[in-house]
Amino acid sequence: MGARLEGLNKFYKTQILVSDAVRAAVGDHFLFRPIDRVLAKETATPTTIYELLSLKNSASAGVTGRYAAWTEAYRLYEARDWQGAHAIVEALAAADADDKVATHFRDRIAGVLSAPPADWDGVTRFDTK
């Protein structure tokens, strides 16, 4: 799974992605934001992936504020409240052009809003490593 996640860093333009299992194993010492539910190539079960943001006790107020906003946007996205999620992600992308994940999700959600899927399951499937 680690090799698959390393490859997904290129897609999401992130530095460090971890699986839900790794996030749970390291406990409450780090701040991770949920990125997506993915089905990586040659895997059978979707997994939630997370981006490492910082050590929890050394996170700046800006990082924790963006984390809280992102977490709410992601919760709305999973609940199919795409308009609510889009509003938050659009604001995050506008406030920080370097946040490529926010830009990616802004565009993804805009696509969903323009053509809502009938059978959406929230899983992004990858055919390459």
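The values are calculated or read from the model by the stated rules, or taken from the named source; none is laboratory data. Note that the coordinates shown come from a computational prediction; the quantities given were computed from them, not determined experimentally. All Cβ positions, even for glycine, are placed from backbone atoms using ideal geometry, and neighbour counts span all protein chains on display.
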Scan I49, I16 and give me the residue that is surrounded by fewer than 18 Cβ atoms within 10 Å (Cβ to Cβ) and in contact with an Asp or Glu (Cβ under 8 Å, 6 or more places away or on another chain).
-> I16
Looking at region 67-87, is at least one residue surrounded by 13 or more Cβ atoms within 10 Å (Cβ to Cβ), farther than 23 Å from W120 by Cβ and of a type outside the set (A, V, I, L, M, F, W, C)?
-> yes
Given the conditions (1) in a helix (DSSP H, G or I); (2) closer than 16 Å to I16 by Cβ; (3) in contact with a helix residue (DSSP H, G or I) (Cβ under 8 Å, 6 or more places away or on another chain); (4) among the hydrophobic types (A, V, I, L, M, F, W, C), report the number of the one that A73 does not fulfil.
-> (2)
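Which residue is modelled with the lowest pLDDT, if the candidates are limited to region 1-30 and must be more than 16 Å from L55 (Cα to Cα) and acidic (D, E)?
If we filter region 1-30 for residues that are more than 16 Å from L55 (Cα to Cα), which is where we start, we get 1-14, 19-21.
If we keep only those that are acidic (D, E) too, we end up with 6, 20.
On the way: E6: 87, D20: 92.
Residue satisfying both the conditions and the ranking: E6.
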Checked pairs for region 104-128, first of a type in the set (G, A, S), second assigned to a loop (DSSP other than H, G, I, E, B), C-beta under 9 Å and 6 or more apart or across chains, list as G122/P46; G122/R80
Every listed condition ((1) over 20 Å from R125 (Cα atoms); (2) crowded, with 17+ Cβ neighbours inside 10 Å; (3) in contact with a strand residue (DSSP E or B) (Cβ under 9 Å, 6 or more places away or on another chain); (4) not acidic (D, E)) holds for T64 save (2)
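Is there a residue being touching a Pro at 6+ places or on another chain (Cβ under 9 Å) and within 19 Å of I16 (Cα to Cα) anywhere in region 61-69? Walk me through it before giving the result.
Going residue by residue through region 61-69, those that are touching a Pro at 6+ places or on another chain (Cβ under 9 Å) are none.
No; the residues of region 61-69 include none that is touching a Pro at 6+ places or on another chain (Cβ under 9 Å) and within 19 Å of I16 (Cα to Cα).
What number of residues in region 1-48 are of a type in the set (K, R) and in a loop (DSSP other than H, G, I, E, B)? Can you show your working first?
Of region 1-48, the ones of a type in the set (K, R) are 4, 10, 13, 23, 33, 37, 41.
This time we only want the ones that are in a loop (DSSP other than H, G, I, E, B), so: 13, 41.
Residues meeting the conditions: 2.
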Find the residue count for region 76-87, including only residues that are more than 12 Å from R108 (Cα to Cα), in a helix (DSSP H, G or I) and of a type in the set (G, A, S).
-> 2
Could you give me the residue pairs with C-beta distances under 9 Å whose first residue belongs to region 35-50 and is at positive phi, whose second residue is among the charged types (D, E, K, R) and not in a strand (DSSP E or B) wherever it lies, and which are 6+ apart or on separate chains?
-> E42/R4; E42/K129
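Which residues, taken from region 88-122, are aliphatic (A, V, I, L, M), closer than 22 Å to L53 by Cα and part of a loop (DSSP other than H, G, I, E, B)?
The initial filter retains those residues of region 88-122 that are aliphatic (A, V, I, L, M), namely 88-89, 91-95, 97, 101-102, 109-110, 112-113, 115, 118.
Filter again for closer than 22 Å to L53 by Cα, leaving 88-89, 91-95, 97, 101-102.
Scanning region 88-122 gives a single hit, A97.
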Could you look through region 19-46, keep only residues that are out of contact with any strand residue (DSSP E or B) (no Cβ under 7 Å at 6 or more places or on another chain) and of a type in the set (D, E, K, R), and pick out the one that is surrounded by the fewest Cβ atoms within 10 Å (Cβ to Cβ)?
-> D28
